[in-house]
1. Here's a check for you: in the stretch 75-113, which residue that is among the basic types (K, R) and within 31 Å of the chain's Cα centre (by Cα) is nearest to V186 (Cα to Cα)?
2. Among E176, E172, E183, which is the only one that is assigned by TED's automatic domain parsing to the domain that holds G52, of a type outside the set (G, A, S), more than 19 Å from V27 (Cβ to Cβ) and without any contact (Cβ under 8 Å) to a residue 40 or more places away in the chain?
3. Being assigned by TED's automatic domain parsing to the domain that holds G211, at positive phi and outside any strand (DSSP E or B) is the requirement here; does A121 meet it?
4. With the structure loaded, tell me whether R274 is of a type outside the set (S, T, Y), within 30 Å of C41 (Cβ to Cβ) and surrounded by fewer than 19 Cβ atoms within 10 Å (Cβ to Cβ) or whether it fails that test.
5. Just for the stretch 33-42: of the residues that are in contact with a helix residue (DSSP H, G or I) (Cβ under 9 Å, 6 or more places away or on another chain) and modelled with pLDDT of 95 or more, which one is surrounded by the most Cβ atoms within 10 Å (Cβ to Cβ)?
6. Do we have any residue at all in the stretch 219-233 that's surrounded by fewer than 21 Cβ atoms within 10 Å (Cβ to Cβ), over 30 Å from A19 (Cβ atoms) and polar (S, T, N, Q)?
7. Tell me which residues, restricted to the stretch 259-309, are in contact with a His (Cβ under 9 Å, 6 or more places away or on another chain) and of a type in the set (A, V, I, L, M, F, W, C).
Amino acid sequence: MSTVDIKDVTKVWPDGTVAVDHVSLDVKDGEFMVLLGPSGCGKSTILRMIAGLEDPTEGDILLNGEPVLDLAPRDRRIAMVFQDFALYPHMSVSENIGFPLKLSGVEPVPRGEQIGNVASALGIGDVLARKPGQLSGGQRQRVAMGRAIVRRPGLFLMDEPLSNLDSGLRAELRAEITGLTRELGVTTMYVTHDQAEALTMADRVAILRRGVLQDIGTPTEVYGRPATLYVAAFLGAPRMNLLEASVYVHLDRYIALNFGEQALYLPWTDIRARAVAHYHGERIVVGMRAEALTPVAPDAPGDVLHGRIRYLEHHGHESLAYLDIGATAIMVDEMGSAVHDHQVEVGAFSKISAAFSRLTGRPSNGAAPDREETKQESVLGENGRHHRRPAELAVRLAPYPAVSPGHPLAVTVRMDSLHFFDDRGDRIDVGWR
């Protein structure tokens, strides 16, 4: 049995930088947990604190229900696989894999048997006599994994182990790692910035931004019902379309979501309608993935948006069309802030300042927010100011379609697949997880 409990852990570097901000996380026995986020979000720091290579500033870490902050790294029954392989260049593959066993005092004969078994399982049994410099990147990564596996640890910590490999080899090793860890039944925590790795390998995914835990759940949960605007923008290829919409409630009938000159109508019978209705007369962010949009005839009935193709991307198995529908896009960068361009509008959006203050309690006079409030900046602007850019609605088409930039295109929208976020970037929904 091997479980991990991270309890309200914070890590502050000597220069005052907050690397991890009050993160609480539990990993079940045998679970494959992926920590996902961009560089600098704190995911590797969490791994290093679990391993004992860093000490948390606050909080506690428990392994199998027992506090381990006073234990040395070697006493935690943890094996760690690093991004740069960290192999001994002067040792052979066999010696690298067997080094932990040698340190533990295992006799040469049983040690050789264990090395052979691990190498065979990883497909490197024929290179045991070679040095790391004579191996390919994929082989070196397998050796690093073999050195971790041979110890039979209670917990695997993997810090972006595939990031230095080419895409084809990464896909191959993804399947090998997940298959092997599940076969061994070892609890695994895996750090990556690659959403494809997270969504294909994980039992659960924990998504981090600036040291703050944004969302946690199965790949289906975090992709299908992202808890924040940041998670919605981070997951998915192409990225989720995030559009600014004005909300107008027609009581007991529908809620109109206005995107410039066009609108969609959320039925009053939709379970989410009453939650969205609280934003009557205000602006929210509406998210729609490309798979929720289907090209239709211009005069087709239903929930349809019309636009013109700005440009096309051809990917062989499909094409992506990017439509100008006269709407405003909300862009989110990798670290979670709204990405602004140089167009600034004031006056017309002065109403959002009062609404923002009413929703969050933040003063509208420019007063500095407290620490809790700064965790999520307003993505719709503060104090009546808002930076905008035209929306480019990503739509999936057949490979090499008979259309070109400037061509008109209508798409029907699956209303049950829409996502709603408030001006702080939090999900507007009820009973969504």
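1. R77
2. Result: E172 is the single residue among E176, E172, E183 that is assigned by TED's automatic domain parsing to the domain that holds G52, of a type outside the set (G, A, S), more than 19 Å from V27 (Cβ to Cβ) and without any contact (Cβ under 8 Å) to a residue 40 or more places away in the chain.
3. No: the conditions fail for A121.
4. Spelling it out, it is not the case that R274 is of a type outside the set (S, T, Y), within 30 Å of C41 (Cβ to Cβ) and surrounded by fewer than 19 Cβ atoms within 10 Å (Cβ to Cβ).
5. L35
6. Looking for residues that are surrounded by fewer than 21 Cβ atoms within 10 Å (Cβ to Cβ), over 30 Å from A19 (Cβ atoms) and polar (S, T, N, Q), one finds none in the stretch 219-233, hence no.
7. Across the stretch 259-309, the qualifying residues are W268, V285, V286, M288, I309.
Every residue, every condition in (1) farther than 28 Å from L162 by Cα; (2) in contact with a Cys (Cβ under 9 Å, 6 or more places away or on another chain); (3) touching a residue at least 24 places away in the same chain (Cβ under 8 Å); (4) of a type in the set (F, W, Y), yes or no:
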residue: G59; (1), (2), (3), (4): yes, no, yes, no
residue: M80; (1), (2), (3), (4): no, no, yes, no
residue: A86; (1), (2), (3), (4): no, no, yes, no
residue: P89; (1), (2), (3), (4): no, no, yes, no
residue: V93; (1), (2), (3), (4): no, no, yes, no
residue: P108; (1), (2), (3), (4): yes, no, no, no
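The values are calculated or read from the model by the stated rules, or taken from the named source; none is laboratory data. This structure is a prediction, so every number in the text was calculated from the model and none was measured. Cβ atoms come from the backbone with ideal geometry, glycine included; neighbour counts cover every protein chain shown.
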